[in-house]
């Protein structure tokens, strides 16, 4: 998470470097790693990074494209590999996220935003059209602030949660608290029961108990493995089908190759389902045969005992 800010004077008045410095000091807690600026006459842009990955250290922002478009970017490209392959002819040695998005903008202009998957925000200054573009993803995780007057526009894009190093605990604190409670909750009753529960064992209490009936035969019975196989098959297919939902939500934004990959995935699921159904059918037939065979054997033994009497 980083800070993007800037000022644009509509009347052509040059941007004051001191003004950008004052803005930078105001938002320093949200991007404390460094300070980079771009001044192009009436437009001034500020970028304060907050590095969270090794790749983010390689970015140079504000980024100037080969066509002279100036961009600041903060976000996460979930489909980065696909976009890098698609823009391989435009990219050189710089394959950072901001370079990929800048190359997309040079080719498709604002239409490129529909291909960006992830949470992101950017600011773009196009000196050819004298146009300033401020954009963010649909979820709006990063806040966009601006002040518009007849003479100028001032803006800032930042996220107020999880951006400061000191607030990392605020971001992951609920998860840590949940893990601690999940560990303590089952342990505390077990420990308390050891101290508080009465201990008066006798032979009757120690006998196995099943539905209020006295146990006949051994208490440890081995269940057939097919019951576990049915449960595993259900869990596997249940989890794999869940992957279809996020894919369906972004289907219209994915390339054609994604449809082919999902088709292969569904075919594999159907093959696995056909195999599981065939396996289950054989096991069911085998169980019925065992029951019938057992019933016939029991009947023969009963007739034999009757004849002996």
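The values are calculated or read from the model by the stated rules, or taken from the named source; none is laboratory data. On a predicted model such as this, the values are computed, not experimentally measured, just so you know. With ideal geometry, Cβ positions are generated from the backbone for all residues, glycine too; neighbour counts draw on all protein chains shown.
Among all residue pairs at least 6 apart or on different chains, which show Cβ distances below 7 Å where the first residue, located in region 53-68, is surrounded by fewer than 17 Cβ atoms within 10 Å (Cβ to Cβ) and the second is in a loop (DSSP other than H, G, I, E, B)?
Once the first residue is surrounded by fewer than 17 Cβ atoms within 10 Å (Cβ to Cβ) and sits in region 53-68, its partners that are in a loop (DSSP other than H, G, I, E, B) give 55/96; 57/51; 58/96; 68/127; 68/128.
Has region 42-49 got at least one residue that is in the same structural domain as residue 7 (by TED's automatic domain parsing) and exposed (fewer than 14 other Cβ atoms within 10 Å of the Cβ)? Working first, answer last.
So the first thing to find is which residues in region 42-49 are in the same structural domain as residue 7 (by TED's automatic domain parsing), and the list is 42-49.
From the residues that got through so far, the ones that are exposed (fewer than 14 other Cβ atoms within 10 Å of the Cβ) too are none.
So far as region 42-49 goes, no, none of its residues is in the same structural domain as residue 7 (by TED's automatic domain parsing) and exposed (fewer than 14 other Cβ atoms within 10 Å of the Cβ).
Conditions tested, residue by residue: (1) touching a strand residue (DSSP E or B) at 6+ places or on another chain (Cβ under 8 Å); (2) under 30 Å from residue 14 (Cα atoms); (3) at pLDDT 85 or above.
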{"position": "77", "(1), (2), (3)": "yes, no, yes"}
{"position": "93", "(1), (2), (3)": "no, no, no"}
{"position": "101", "(1), (2), (3)": "yes, yes, yes"}
{"position": "119", "(1), (2), (3)": "yes, no, yes"}
{"position": "131", "(1), (2), (3)": "yes, yes, yes"}
{"position": "151", "(1), (2), (3)": "yes, yes, yes"}
{"position": "164", "(1), (2), (3)": "no, no, no"}
{"position": "167", "(1), (2), (3)": "no, no, no"}
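Given the structure, is residue 107 under 22 Å from residue 9 (Cα atoms) and outside any strand (DSSP E or B)? Write out each step before concluding.
Numbers: under 22 Å from residue 9 (Cα atoms): no; outside any strand (DSSP E or B): yes.
So residue 107 fails the test.
Inspect region 108-120 for any residue being under 26 Å from the mean Cα position of the chain (by Cα) and closer than 13 Å to residue 157 by Cβ and give the result as yes or no.
Yes, there is a match, as at least one residue in region 108-120 is under 26 Å from the mean Cα position of the chain (by Cα) and closer than 13 Å to residue 157 by Cβ.
Please tell me if residue 61 is under 30 Å from the mean Cα position of the chain (by Cα), modelled with pLDDT of 85 or more, in a loop (DSSP other than H, G, I, E, B) and under 22 Å from residue 131 (Cα atoms). Break it down into steps so the answer makes sense when it comes.
Values: under 30 Å from the mean Cα position of the chain (by Cα): yes; modelled with pLDDT of 85 or more: yes; in a loop (DSSP other than H, G, I, E, B): yes; under 22 Å from residue 131 (Cα atoms): yes.
Against the criterion (under 30 Å from the mean Cα position of the chain (by Cα), modelled with pLDDT of 85 or more, in a loop (DSSP other than H, G, I, E, B) and under 22 Å from residue 131 (Cα atoms)), residue 61 qualifies.
Check region 71-81 and report whether any residue there is within 26 Å of the chain's Cα centre (by Cα), without any contact (Cβ under 8 Å) to a residue 60 or more places away in the chain and in a helix (DSSP H, G or I).
yes
Would you be able to say whether some residue in region 6-29 is under 34 Å from the mean Cα position of the chain (by Cα), part of a strand (DSSP E or B) and closer than 22 Å to residue 159 by Cα?
Taking region 6-29 and keeping what is under 34 Å from the mean Cα position of the chain (by Cα), we get 6, 23-29.
Imposing the further condition that a residue be part of a strand (DSSP E or B) reduces the set to 6.
When the remaining residues are screened for being closer than 22 Å to residue 159 by Cα, the result is 6.
Yes.
So is residue 39 modelled with pLDDT of 85 or more and in a strand (DSSP E or B) or not? Before you say what the answer is, go through the steps one by one.
On the way: modelled with pLDDT of 85 or more: yes; in a strand (DSSP E or B): yes.
Spelling it out, residue 39 is indeed modelled with pLDDT of 85 or more and in a strand (DSSP E or B).
Find all pairs meeting these conditions: Cβ atoms under 7 angstrom apart; at least six residues apart or on different chains; first residue within region 214-230 and more than 14 Å from residue 276 (Cα to Cα); second residue surrounded by 10 or more Cβ atoms within 10 Å (Cβ to Cβ) and modelled with pLDDT of 70 or more.
none
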